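No lab work stands behind these numbers, since they all come straight from the coordinates. This is a predicted model, so every value here is computed, not measured.
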Amino acid sequence: RDPVQQPGTAGVPARSPEEPLPEDAVVEITTLEPMKVPEPRLSPVLPLALLWLAGVALLWGWWLYTHLKLKKRMETAVRAAPGVFESDRPGPPFVLGFFPPRIYLPKDLAEPNRSYVLAHEKLHLRRGDFLWKPLFFLEVAVHWFNPVLWLAWRLFCRDLEASCDEGVLWKLPEQERTGYARALLALAAPGTSRLP
């Protein structure tokens with residue numbers, strides 16, 4: 001039988017595993033040193049990532065908590081018109097909910113203030129502010145460590161209200177604009193809800 005050669009060898013016959021080694025053969029056995037595995041170390045970024053995540057979770061949780069709390073508080077509100085509810089709870093008028101959003105007014109709101117406030121809140125609905133405001137807040141919560149975004153949030157909320165006021169004033173006849181301004185002053189609550 002012809003000896004089988006290993007690939008890449010020239011003229012060195014391969015040995016069969018069953019074939020015994022010659023007595024004068026020298027076999028060297030080397031022991032392998034165990035490889036040193038470096039000890040796992042925590043990344044210095046991990047504490048910062050956990051702090052960031054805690055901030056996001058806290059703010060999103062706060063938003064959800066205040067939203068649900070206000071929703072529960074408005075359970076006793078009475079339907080006054082399609083999409084409009086009146087509440088005996090004190091506080092400013094606002095839009096709450098998403099699908100469908102609802103306008104909540106104080107129960108004792110008399111005309112003409114009621115019409116002015118309703119026009120203002122309906123403009124919020126038409127523009128979709130009830131969606132933009134929470135979305136902006138949730139984005140700010142992701143970047144909670146950035147003071148510029150908190151300033152942007154504050155200005156955004158202020159501009160939403162000012163823009164609605166301008167929109168309502170634009171449509172009102174000249175003689176009713178003073179009445180609208182008085183209604184705004186009467187309804188300006190010192191403890192306005194901070195709910196996004």
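Structure values in brief
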read-out	value
Kyte-Doolittle mean at least 1.0 and Cα axial length at least 18 Å: DSSP H helices in the chain	129-142
Under 12 Å from LYS133, Cα to Cα: aspartates and glutamates that are on another chain or at least 8 residues apart	ASP159, GLU161
Qualifying lysines (Cα of each under 23 Å from Cα of LYS171; at least 8 residues distant if same chain)	LYS122
